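Comments concern the structure below.
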Amino acid sequence: MTLEYDGVRITYLEHDSFLIEWGDLKLYTDPFKLPRGLPKADVITITHEHFDHLSPDDLGKVATPETDIVASENCRGKIKVGKPRYLRVGESTEVRGIKIEAVPAYNVNKFKSPGVPFHPRDYGGVGFLMAMGKTTIYHAGDTDRIPLMKQLRGRIDIALLPASGTYVMTPEEAADAALDIMPKIAIPMHWGAIVAGKEEAERFKRLLEGRIRVEVLEKKR
Ligand SMILES: [Zn+2]
């Protein structure tokens with residue numbers, strides 16, 4: 001299912017993977033478990049180096065030697081296709097007319113062992129702000145609810161937010177994050193592939209009913 005908003009088309013593929021089309025331009029986020037037959041990528045963004053975000057197999061399905069890849073610093077040396085460049089938090093770049101800024105993404109209360117978060121603040125993973133014309137999309141990456149989100153208030157048209165729990169925000173935390181951000185549209189992600197299912201995505205939507213427009217997108221198969 002594809003959402004159209006102000007000249008931008010967003011198709012949910014899987015987990016944190018979206019196909020975002022702006023005119024003829026095709027951008028993929030965190031390609032993972034992609035279906036076959038997708039068009040080639042002009043741009044790919046990758047938020048961090050975990051296998052379900054940086055997947056060489058899936059990069060191979062959509063990347064060409066000409067594909068511009070914008071990835072987090074902790075992906076450096078691990079991307080063998082396309083034309084990669086790497087961003088740390090606070091850095092930005094412009095690629096094919098899209099302004100892309102790397103923003104913080106980290107856990108505050110999700111731990112793999114006592115005191116060790118799945119996504120530590122200093123490990124080099126990021127979220128991305130992507131400005132396509134006058135539309136700004138926030139792809140949050142793997143994160144908990146963090147102070148950044150209040151700073152984004154009023155700046156975001158479409159927020160792609162993880163809402164599965166376990167490694168990232170729960171539906172309740174993601175709803176609070178959405179209320180911090182107040183995007184025009186919020187889309188839950190990070191469900192159905194590794195943890196959680198559509199129930200969590202629908203719960204996120206219910207929690208925001210009457211306050212923020214939420215679109216639970218069917219995955220393209
Ligand atoms: Zn991760």
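Is it true that Ile44 is more than 16 Å from the ligand (Cβ to nearest atom), crowded, with 22+ Cβ neighbours inside 10 Å, in a strand (DSSP E or B) and without any contact (Cβ under 8 Å) to a residue 40 or more places away in the chain?
Values: more than 16 Å from the ligand (Cβ to nearest atom): yes; crowded, with 22+ Cβ neighbours inside 10 Å: yes; in a strand (DSSP E or B): yes; without any contact (Cβ under 8 Å) to a residue 40 or more places away in the chain: yes.
It is true that Ile44 is more than 16 Å from the ligand (Cβ to nearest atom), crowded, with 22+ Cβ neighbours inside 10 Å, in a strand (DSSP E or B) and without any contact (Cβ under 8 Å) to a residue 40 or more places away in the chain.
Determine whether Ser113 is in contact with a Lys or Arg (Cβ under 8 Å, 6 or more places away or on another chain) and either away from the ligand (no atom under 16 Å from the Cβ) or over 23 Å from Gln151 (Cα atoms) (or both).
The answer is no for Ser113.
Can Lys184 be described as away from the ligand (no atom under 16 Å from the Cβ) and more than 16 Å from Ile10 (Cα to Cα)? Steps first, please.
Working: away from the ligand (no atom under 16 Å from the Cβ): yes; more than 16 Å from Ile10 (Cα to Cα): no.
Criteria not met by Lys184.
So for the stretch 189-204 (the condition being within 16 Å of the ligand (Cβ to nearest atom), within 20 Å of Pro104 (Cβ to Cβ) and buried (at least 18 other Cβ atoms within 10 Å of the Cβ)), does at least one residue qualify? Working first, answer last.
Taking the stretch 189-204 first, the residues within 16 Å of the ligand (Cβ to nearest atom) are 189-196.
Checking the rest, the ones that are also within 20 Å of Pro104 (Cβ to Cβ) come to 189-190.
Narrowing further to those that are buried (at least 18 other Cβ atoms within 10 Å of the Cβ): 189-190.
Yes, some residue in the stretch 189-204 is within 16 Å of the ligand (Cβ to nearest atom), within 20 Å of Pro104 (Cβ to Cβ) and buried (at least 18 other Cβ atoms within 10 Å of the Cβ).
Test Ala131 against the stated conditions and say whether it is assigned to a strand (DSSP E or B), away from the ligand (no atom under 11 Å from the Cβ) and surrounded by 20 or more Cβ atoms within 10 Å (Cβ to Cβ).
Working: assigned to a strand (DSSP E or B): yes; away from the ligand (no atom under 11 Å from the Cβ): yes; surrounded by 20 or more Cβ atoms within 10 Å (Cβ to Cβ): no.
No; evaluated as a whole, the condition is false for this residue.
Return yes or no: is Asp122 over 21 Å from His190 (Cβ atoms), of a type outside the set (A, V, I, L, M, F, W, C) and outside any strand (DSSP E or B)? Don't jump to the end; show me each part of the working.
On the way: over 21 Å from His190 (Cβ atoms): yes; of a type outside the set (A, V, I, L, M, F, W, C): yes; outside any strand (DSSP E or B): yes.
Here the answer is yes, as Asp122 does meet what is asked.
Name every residue in the stretch 144-186 that is part of a strand (DSSP E or B), more than 19 Å from His48 (Cβ to Cβ) and in contact with a helix residue (DSSP H, G or I) (Cβ under 9 Å, 6 or more places away or on another chain), in order of residue number. Break it down stepwise before answering.
First, the residues of the stretch 144-186 that are part of a strand (DSSP E or B): 158-162, 185-186.
Then keep just the ones that are more than 19 Å from His48 (Cβ to Cβ); that gives 158, 185-186.
Of everything in the stretch 144-186, just one residue is part of a strand (DSSP E or B), more than 19 Å from His48 (Cβ to Cβ) and in contact with a helix residue (DSSP H, G or I) (Cβ under 9 Å, 6 or more places away or on another chain), namely Ala186.
Given (1) within 21 Å of Val168 (Cα to Cα); (2) assigned to a loop (DSSP other than H, G, I, E, B); (3) within 15 Å of the ligand (Cβ to nearest atom), identify the lone condition not met by Val89.
Unmet condition: (3).
Name the single residue, out of those in the stretch 139-164 being more than 15 Å from the ligand (Cβ to nearest atom) and under 17 Å from Leu27 (Cβ atoms), that is surrounded by the fewest Cβ atoms within 10 Å (Cβ to Cβ).
Asp157
Okay, residues lined up against (1) touching a helix residue (DSSP H, G or I) at 6+ places or on another chain (Cβ under 6 Å); (2) more than 14 Å from the ligand (Cβ to nearest atom); (3) under 23 Å from Ala177 (Cβ atoms); (4) not in a strand (DSSP E or B):
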| position | (1), (2), (3), (4) |
| --- | --- |
| Lys26 | no, yes, no, no |
| Pro39 | no, yes, no, yes |
| Asp52 | no, no, yes, yes |
| Lys61 | no, yes, no, yes |
| Ile69 | no, yes, no, no |
| Lys80 | no, yes, no, yes |
| Glu101 | no, yes, yes, no |
| Asn107 | no, no, yes, yes |
| Ile137 | no, yes, yes, no |
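Coordinate-derived values only; no laboratory data. Given the structure is predicted, the values throughout are model-derived calculations rather than measurements. Here Cβ is always computed from backbone atoms with ideal geometry, including for glycine, and neighbour counts include all displayed protein chains.
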